[in-house]
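Comments concern the structure below.
The values are calculated or read from the model by the stated rules, or taken from the named source; none is laboratory data. Because the structure is a prediction, the values reported are computed rather than measured. So basically every Cβ, Gly included, is an ideal-geometry build from the backbone, and we count neighbours across all protein chains shown.
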């Protein structure tokens, strides 16, 4: 039996056990149950919750951002889908600003990674940038949910999506590529500038991305180098089973990606779940809630279309096509040296074990026509991969630098920006 079908069968077979464990959890947490107030009762409830959480399929989380602080005042935020294609939705976090607002209203397009987790992994990134920017984010679709009639989705399609989105902003936007999108963002901007497209963004910020994985290769990079593209095709590509909408679509399944994520730091994840059991028994609700919030996000994964996954592995991690000057988009060479107008900032983390130091900064070596005044690089000490775009160090040290860079290269006046409103 194919592995994906076996996974689905096991998940379905465990459904009654999950239901029973959930019932036990509720019973032994009911304050009317005398056993709920004993160590044994709390242990039963904790064990039941751990079983249910470790065997469930986690749904796509919501962003849930309803307000932000602008100039020290709380303003409402509404989330809207303003552009849609089969494999992506563009979400706008519209702030209800006062009519007399004169602050920074530069548009920021955050390109979320399409590498297993949902765009909601960048909730903290969005929250940190909202006080100073009008924020949009790419919300990529789970390939398991896209019918095969919609066709495949590969790296070229990804770049097409970015160019179409950027074009709708008519050049009045700054783009931030977080991790995996660094390569397609750089490619999209290079293609737009090469053809004289005035809708290229004013600036691009590339964060912890694999622009050139030959620099300080990590375990992730070495794994890709040790196998051929055919090995990946034969060992990790599977067809979506019935009854999902994308049945028969070839994908890199989310559950395989999650296995890879977890095994990279298995001891840490096991310790975290041991801590959750102890917290539940001891009644440490705040710590347990933090664990739930983190793992509700971390364990929610999506399938990737096989064409996109294989093309990315081949071009970015095996052949290093972009830094070698060999990357093409539908037959057209991708030449970052054509970038002359779009300012470039790169951000890396000192302890990044996914995109090593120098892999993102390599973008500066490729954009040879950019003057120094349009360049910036920041290496943040003491953080790993996720710390580059989330967490306290990101909020306190990285986000302000990005905002200052955007402000430096915002260009044009507010009247011009109002005249070039994004067309919903």
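List of remarks:
- Criterion: crowded, with 19+ Cβ neighbours inside 10 Å and under 21 Å from residue 48 (Cβ atoms) - qualifying residue of 310, 304, 276: 276
- Per the conditions (1) touching a helix residue (DSSP H, G or I) at 6+ places or on another chain (Cβ under 7 Å); (2) closer than 27 Å to residue 327 by Cβ; (3) surrounded by 18 or more Cβ atoms within 10 Å (Cβ to Cβ), the sole criterion not satisfied by residue 246 is (2).
- Subset of the range 126-155 [assigned to a helix (DSSP H, G or I), farther than 12 Å from residue 91 by Cβ and in contact (Cβ under 8 Å) with a residue 40 or more places away in the chain]: 127, 128, 129, 143, 144, 145, 148, 150, 155
- Of all residues in the range 4-19, those being surrounded by 12 or more Cβ atoms within 10 Å (Cβ to Cβ) and modelled with pLDDT of 90 or more number 1.
- Just one of the listed residues (363, 399, 343) is within 23 Å of the chain's Cα centre (by Cα), modelled with pLDDT of 95 or more and under 21 Å from residue 170 (Cα atoms), namely 343.
- Here residue 354 meets the list (1) within 17 Å of residue 214 (Cα to Cα); (2) at pLDDT 95 or above; (3) crowded, with 19+ Cβ neighbours inside 10 Å almost entirely, failing just condition (2).
- So residue 231, is it surrounded by fewer than 19 Cβ atoms within 10 Å (Cβ to Cβ) and assigned to a loop (DSSP other than H, G, I, E, B): no
Quick grid of which residues meet (1) over 20 Å from residue 176 (Cβ atoms); (2) in contact (Cβ under 8 Å) with a residue 12 or more places away in the chain; (3) not in a helix (DSSP H, G or I):
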| site | (1), (2), (3) |
| --- | --- |
| 320 | yes, yes, yes |
| 324 | yes, no, yes |
| 337 | yes, yes, no |
| 347 | no, yes, yes |
| 359 | no, yes, yes |
| 378 | no, yes, yes |
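- Any hit, the range 20-41, residues being surrounded by 11 or more Cβ atoms within 10 Å (Cβ to Cβ) and under 22 Å from residue 120 (Cβ atoms): no
- Residue under evaluation residue 175, criteria (1) without any contact (Cβ under 8 Å) to a residue 40 or more places away in the chain; (2) in a strand (DSSP E or B), criterion not met: (1)
- Counted residues, the range 1-22 - those being over 17 Å from residue 259 (Cα atoms) and without any contact (Cβ under 8 Å) to a residue 24 or more places away in the chain: 8
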